[in-house]
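Heads up, the thing below is written out as structure tokens.
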């Protein structure tokens, strides 16, 4: 549980660094946290009870000449009824979703052939890789990138979310829909680009028995290191002109964790990964949390640089998108 809380704290710090001031907490998450608090209270009560019993035994021996005992206090809830904590069997029991130690990152060797054949071989490898399969919940899917194998621009995100692990495709939820609109604003179609993630599975979090995971956590450095060869292989097949890192985690995965304390230190600038230029910008969810023109303009200015680098035509209308009036 301590590891989970540390992960939660890190995610809240990441959101704060990105400018987020409020977060929504689902009723399921609240119930799970409440169950943890109750279990801890039960454990403490059990310890106090044992200590009290030991004290009673000692008192009985010491006061053998006076067998009369003072009545023990009874805790009561409002209304006078005894306050009895519910038995553990009634509480939701969070399943331990601890990440097992991963083996060393795999060496990915693609067969000879054209792009389609090599990508098909890579897809078969990733979707059936035992480590990837071991890190998805029953009924969920491993996720590989999608798009044009001749794309000039490859967008790189963090990891699959709830929608993505169901459909087996990156960026299909609300953030993905916004990314599609951003691509359209560049004068392109989504299918003319290539969209992938650092991770091929959704990083797991503890869930109550019978419940779905609520929320996401950033992947660990070890998880990103394991999946990175798969991303390198996708880059090798597609051979894009450049990469666009969407968000802090994708930036850490491509450029190295700890290199930049905040995303603001890296965004809007050109970096390099695998011999390719990398533009760092905010994740689309950055806009979803607070859809202001100021935030939209920050990302759009980064995308204008991408368009210029790729030689895409830019109209005056496009240059003026999201400028404050």
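Restricting attention to the stretch 118-127, does a residue exist that is over 21 Å from residue 253 (Cβ atoms) and in contact with a helix residue (DSSP H, G or I) (Cβ under 8 Å, 6 or more places away or on another chain)? Yes, the stretch 118-127 contains at least one residue that is over 21 Å from residue 253 (Cβ atoms) and in contact with a helix residue (DSSP H, G or I) (Cβ under 8 Å, 6 or more places away or on another chain).
The residues of the stretch 265-286 that are farther than 22 Å from residue 240 by Cβ and either surrounded by 20 or more Cβ atoms within 10 Å (Cβ to Cβ) or touching a residue at least 24 places away in the same chain (Cβ under 8 Å) (or both), listed by number, are 285, 286. Among the residues of the stretch 191-239, the ones that are outside any loop (DSSP other than H, G, I, E, B) and either surrounded by 23 or more Cβ atoms within 10 Å (Cβ to Cβ) or modelled with pLDDT of 95 or more (or both) come to 24 in all. All of 261, 295 fail the test of being assigned to a loop (DSSP other than H, G, I, E, B) and farther than 17 Å from residue 184 by Cα, apart from 261. Candidates are the residues of the stretch 303-312 that are touching a residue at least 40 places away in the same chain (Cβ under 8 Å) and either within 18 Å of residue 324 (Cα to Cα) or out of contact with any strand residue (DSSP E or B) (no Cβ under 8 Å at 6 or more places or on another chain) (or both); the one that is surrounded by the fewest Cβ atoms within 10 Å (Cβ to Cβ) is 312. The condition of being in a loop (DSSP other than H, G, I, E, B), surrounded by 15 or more Cβ atoms within 10 Å (Cβ to Cβ) and in contact with a strand residue (DSSP E or B) (Cβ under 9 Å, 6 or more places away or on another chain) holds for only one of 143, 108, that being 143.
The values are calculated or read from the model by the stated rules, or taken from the named source; none is laboratory data. These numbers were taken from a predicted model, which means no experiment stands behind them. Reconstructed Cβ throughout: ideal geometry from the backbone, glycine too, with neighbour counts over all protein chains shown.
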